[in-house]
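The values are calculated or read from the model by the stated rules, or taken from the named source; none is laboratory data. Here the structure is a predicted model, which is why all the values come from computation and not from measurement. Cβ placement follows ideal geometry from the backbone for every residue including glycine, while neighbour counts extend to all protein chains displayed. These accessible areas exclude ligands, DNA and RNA; they are computed on the full protein's heavy atoms, side chains included. Shrake-Rupley method; radii C 1.70, N 1.55, O 1.52, S 1.80 Å.
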Amino acid sequence: MPVSFFLVLSALLFSIGVYGVLARQHAVLVLLSVELMLNAANINLVAFAAMLGQAGVPGQVFALFIIAVAAAELGVGLAIVILIYRNRQSVDVDQMSLMKW
Amino acid sequence: MQSLIIVAEEIQGIEATRTGLFPDIMWLVPLLPALSFLAVLFFGKKLPGKGHSAGILAIAVAFLLSLAGFIDLVTGAETVEKSWMWFEFPGSLELTFGMNYDFLCGLMFLVVTFISLLVQIYSAGYMLDDERYTWFYAVLSLFTASMLFLVIADNLMMMLVGWEGVGVCSYLLIGHYWEEKTNSSAAIKAFITTRVGDVGFMFGIFALFIIAGTFNITEINHLAEDGGIGGIGLTIAALLLFCGAVGKSAQFPLYVWLPDAMAGPTPVSALIHAATMVVAGVYLVARTFPVFEFANGGFPLEVVGVVAAITMLVAALLALIQDDIKKVLAYSTISQLAYMFAGLAVGVFTAGIFHLFTHAFFKALLFLGAGSLIHAVHSNNMSDMGGMRKFMPATFKTYIIGSLALAGIPPLAGFFSKDEVLGGALRAGIDGTRATAWIVFGSALITAFLTALYTARMCIKTFWGDYRGHGQPHESPNSMTSPLWVLAGLTLVVGFLGFPVIGVFKYWIFTPGEVAHSFEPLYNVVLPAITVVAALGGFFLAYKWFYKGAWRFDFRATSFGWMYGFAERRYYLDDIYLGGVVKPVQYPLAAATYWANQHVLDGIVNGAAKGTLGAASGTYRADQGVVDFGVNGAAGLTGFSGGLLRHVQTGNVQRYAAMLFAGIAIFVAVFALV
């Protein structure tokens with residue numbers, strides 16, 4: 001299979017993730033969309049690693065790193081979301097505009 | 001006649017054979033009173049005796065040091081002359097700080113420290129009730145320090161410093177009782193009158209510096225001797241120096257300040273206005289003697305001689321008509337100072353200095369005796385005294401000794417010194433070395449007669465007759481009479497130092513430099529006989545007029561009446577100064593100065609103030625307009641742009657993310673397309 005198939009899949013998945021991050025109101029869905037974007041990147045890395053064979057091993061290692069970082073990030077993100085919910089009884093991202101002048 | 005003349009030997013000074021121990025440290029002598037001045041000034045009230053202890057102690061040590069130094073010199077120690085750099089100006093102007101300890105300086109040290117010591121001891125009694133007792137001792141110490149500084153100076157600039165120092169102290173002490181207007185006026189008069197001479201002195205120093213290129217007195221003397229400097233410039237310089245001497249030593253026509261200076265406390269009159277400060281002028285001429293002798297063939301000395309001849313006569317006549325006992329002594333001092341100048345002028349240098357030396361003792365004695373009298377009767381006027389010999393035996397005896405010395409009765413101090421001056425004038429007249437010698441001789445002989453006359457008058461009016469004052473006079477305390485006895489004892493013996501031929505004084509004092517002439521006076525037995533007869537004639541006339549006649553003898557009834565009126569107005573000299581100098585200065589000049597002050601100086605000052613104000617307001621506007629505009633503009637611009645940019649910060653996270661992606665998209669598009 002040519003590598004471009006994987007790249008197209010990855011691009012679609014990333015675009016869906018971007019849409020989710022920018023358009024969704026719910027904070028949990030925003031976090032899930034971020035996961036989609038990360039996994040799109042993972043697909044890219046793994047696809048190129050497979051294409052390069054022995055020389056592509058660092059790509060697989062980076063993919064593993066991204067999975068670990070994504071897990072940690074999601075953990076911290078969900079904790080923040082839970083705390084915000086407890087404080088404000090809402091996880092609507094539009095209403096979280098606290099960091100303004 | 002010729003056989004009666006004792007031919008003088010060639011005088012040789014004492015040969016220096018070794019380095020002395022004391023001459024090297026003689027700079028301590030002026031330093032000690034200077035330190036005691038500071039100590040008394042700052043801590044005087046806390047010191048024992050309210051300050052007199054420090055003053056007396058310092059001057060006693062200084063006296064012992066002077067004595068040791070002089071004995072060292074006399075026994076063959078080398079004189080010391082050395083100097084240190086003080087200031088050095090670019091070019092050739094150097095000011096040095098030096099000492100010149102030789103016989104003349106050593107002798108002056110002895111006189112100044114000794115008289116100062118006695119006067120300070122005496123003042124402990126005399127000034128006891130004075131409210132400014134401590135201040136009095138402080139200034140007395142400062143005076144002594146200044147005088148010693150003047151004496152030890154090796155250059156004219158240093159001498160000028162001491163010269164002005166003694167002038168200031170004299171001013172302060174004359175005005176000691178400044179609560180009375182006449183006393184402070186007298187102080188101002190003394191200061192200003194001597195200042196007239198001082199201007200001459202200063203220009204003399206400048207003139208000598210211009211022609212000789214140095215302030216050092218020894219170098220100037222050498223240059224004058226070997227012809228390195230000369231001509232009209234040197235003559236002018238010598239005459240200008242003599243101007244200073246005329247002012248300080250109260251010679252005609254600037255003597256008018258000295259009688260008024262008697263407003264000060266009597267011990268001050270004894271120390272400053274009789275024994276020490278007023279001889280500074282004589283000392284100056286003695287120090288720079290080669291300048292006087294070698295300028296234009298001795299022309300300046302002729303001038304000195306004429307001035308001295310006039311002064312001794314007019315002052316002696318004035319002494320004759322005074323009622324204030326201190327003024328009699330003041331005029332007598334002027335007259336005797338003229339004798340010293342006369343001695344220098346006719347070439348008997350040693351005799352002139354010898355008269356300075358003996359006069360210091362007997363005149364200090366007379367002044368302190370007069371102080372004792374004044375202390376007893378609380379009046380300066382002889383018309384309030386009379387018959388005092390019964391009340392004050394110690395004062396009486398010592399005063400008579402001083403008076404006989406002043407009148408020149410052998411074998412007291414004044415006889416020897418006065419006779420040497422007369423003998424010197426006679427020799428100069430016979431040899432023709434000085435054109436004016438006969439004038440000096442004649443004047444000195446008449447003055448010798450007048451001196452005896454006014455001295456006898458003073459003693460008769462004071463000690464004989466009936467007491468005319470108030471209250472019961474009593475003898476003064478021991479602290480006052482003991483200095484009198486010491487001085488009286490010395491007055492009896494110091495004359496023998498200058499005894500003809502065998503006296504040792506001439507080995508001590510000789511002219512500075514190497515070739516300047518000091519003649520031996522003409523010693524014979526006729527001249528002393530003449531002067532003694534003149535003095536006795538004076539005594540006899542005084543006896544006839546003032547003892548046999550009424551104590552209030554009226555000169556106007558005699559054939560000298562026309563002179564009396566003239567002398568009573570003090571030869572109109574004071575009137576001439578007042579009308580010719582003071583008034584024109586006081587009124588038109590003061591008014592002109594006032595006008596100039598109001599219009600010119602104030603205009604300048606006000607103009608400067610206005611200019612400053614204008615410049616300040618200009619600066620203010622520039623500050624407000626330019627600098628503040630820049631600062632405020634920068635701040636405003638920052639605020640304005642910040643206001644625009646803050647709308648970007650919505651706080652909406654998704655909008656931030658959208659911008660992030662948009663940015664990346666733009667970058668990607670740029671990279672992809674370019």
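Residue by residue, what Karplus-based ³J(HN,Hα) values in Hz, rounded to whole numbers, does the stretch B:330-347 have, using 6.51, -1.76 and 1.60 with θ = phi - 60° and x for Gly and Pro?
Each residue of the stretch B:330-347 in turn: 5, 5, 5, 4, 4, 5, 6, 4, 4, 4, 4, 4, 4, x, 5, 5, 8, x Hz.
When the solvent-accessible surface of protein heavy atoms is calculated with a 1.4 angstrom probe, in what order do B:CYS105, B:CYS243 fall, highest first?
Descending accessible area places them as B:CYS243, B:CYS105.
Heavy atoms of the protein only, probe of 1.4 Å, neighbouring chains included. What is the accessible area of B:THR531 in Å², nearest 10?
Here the residue's solvent-accessible area equals roughly 10 Å².
Given a 1.4 Å probe, how much area per residue of the stretch A:3-95 is accessible, in Å²?
62 Å²
In nm, to one decimal, how far is the modelled label at B:MET659 from the one at A:ILE80, with both set 7 Å along Cα→Cβ?
About 1.7 nm separates the two model spin labels.
Which whole-angstrom value gives the distance between the alpha carbon centres of the stretch B:50-82 and the stretch A:57-84?
The stretch B:50-82 and the stretch A:57-84 have Cα centres separated by 105 Å.
Cross-link list B:LYS248/B:LYS363; B:LYS181/B:LYS327; B:LYS248/B:LYS461: which exceed 21 angstrom alpha carbon to alpha carbon?
Distance filter (> 21 Å) returns B:LYS248/B:LYS461.
Taking both sides together, what accessible area is buried at the A/B interface, probe 1.4 Å, expressed in Å² and rounded to the nearest 100?
1000 Å²
Keeping the other protein chains in place, figure out the carbon and sulfur percent of the accessible area of chain A, with a 1.4 Å probe.
Answer for chain A is 75 percent, counting heavy atoms of protein chains only.
Would you calculate the separation in nanometres between label points at B:LEU28 and A:SER15, each defined as 7 Å from the Cα along the Cα-to-beta-carbon direction?
If labels sit at B:LEU28 and A:SER15, their model points lie 11.5 nm apart.
Taking θ = phi - 60°, what integer Hz values does the Karplus form 6.51 cos²θ - 1.76 cosθ + 1.60 yield along the stretch B:363-380, in sequence order, with x for Gly and Pro?
My calculation for the stretch B:363-380 gives 6, 4, 4, 5, 5, 5, x, 4, x, 4, 5, 5, 4, 7, 9, 6, 7, 8 Hz in order.
Report, as an integer, the average count of C-beta atoms from other chains found within 10 Å of each Cβ along B:655-665.
2
Between B:VAL525 and B:LEU589, 0.36 nm times their residue separation minus their Cα-Cα distance comes to what?
My answer for the length gained is 17.2 nm.
With just the Cα atoms defining each centre, how far is the stretch B:218-242 from the stretch B:360-375? Give it in Å.
Spelled out, the Cα-based centre of one part sits 39 Å from the other.
Using a 1.4 angstrom probe on the protein heavy atoms only, line up B:HIS176, B:HIS647 by accessible area, largest first.
The most accessible residue leads, giving B:HIS647, B:HIS176.
Evaluate the charge dipole of the stretch B:379-525 about its Cα centre and quote only its size in Debye, nearest 20, assuming +1 on the Cβ of each Lys and Arg and -1 on the Cβ of each Asp and Glu.
Computed charge dipole of the stretch B:379-525: roughly 360 debye.
Can you tell me the 0 to 90 degree angle between the C-alpha axis of helix B:393-407 and the longest principal axis of chain B, rounded to 10?
Roughly 90 degrees, rounded to the nearest 10.
Net charge around B:ILE152, counting only other residues with Cβ within less than 13 Å of its Cβ (Lys, Arg = +1; Asp, Glu = -1)?
Net charge around B:ILE152: -2.
For B:LEU128 and B:GLU78, what does the FRET efficiency come to when R0 = 45 Å and r is the distance between their Cβ atoms, rounded to the nearest 0.05?
Efficiency computed from Cβ-Cβ geometry: 0.50.
FRET efficiency for B:SER379 and B:TYR507, Cβ-Cβ distance as r, R0 = 51 Å, nearest 0.05?
0.65
Which residues among the stretch B:362-388 fall inside the zone where the amide N is under 17 Å from a point 7 Å beyond the Cα of B:ASP323, along Cα→Cβ?
Only B:374, B:377-387 fall inside the zone, counting backbone N under 17 Å.
So if I take the centroid of the Cα atoms in the stretch B:447-503 and the same for the stretch B:243-283, what is the distance between those two points in Å?
20 Å
Averaged across the residues of B:637-648, what count of C-beta atoms belonging to other chains lies within 10 Å of each residue's C-beta?
Mean shielding by partner chains, rounded to a whole number: 1.
Cut-off under 13 Å on the C-alpha distance; same-chain residues fewer than 8 positions from B:LYS548 excluded. Which aspartates and glutamates are left, in chain and number order?
Leaving aside aspartates and glutamates fewer than 8 places away in the same chain, none come within reach of B:LYS548.
Starting from the stretch B:166-263, pick out the GluC sites (Glu not before Pro) whose DSSP state is loop and whose Cβ has at most 11 other Cβ atoms within 10 Å.
Sites meeting the loop and neighbour criteria: B:GLU179, B:GLU180.
Please check: in the Gaussian network model of chain A (C-alpha springs, under 10 Å), which one of A:ALA63, A:ALA41, A:ALA79 has the largest mean-square fluctuation.
A:ALA79
Which aspartates and glutamates does B:LYS418 reach when only Cα atoms under 17 Å apart count, and residues fewer than 8 places away in its own chain are ignored?
Correct list for B:LYS418: B:GLU520.
Report the gain in length on full extension from B:LYS610 to B:LEU644: 0.36 nm times residue separation, minus Cα-Cα distance, nm rounded to one decimal.
So the chain would gain 7.3 nm between B:LYS610 and B:LEU644.
Please list, in order along the stretch B:473-489, the HN-Hα scalar couplings obtained from phi with the Karplus expression 6.51 cos²θ - 1.76 cosθ + 1.60 (θ = phi - 60°), rounded to whole Hz, x for Gly and Pro.
Whole-Hz 3J(HN,Hα) from phi for the stretch B:473-489: x, 9, 5, 6, x, 4, 4, 8, 7, 5, x, 5, 5, 4, 5, 5, x.
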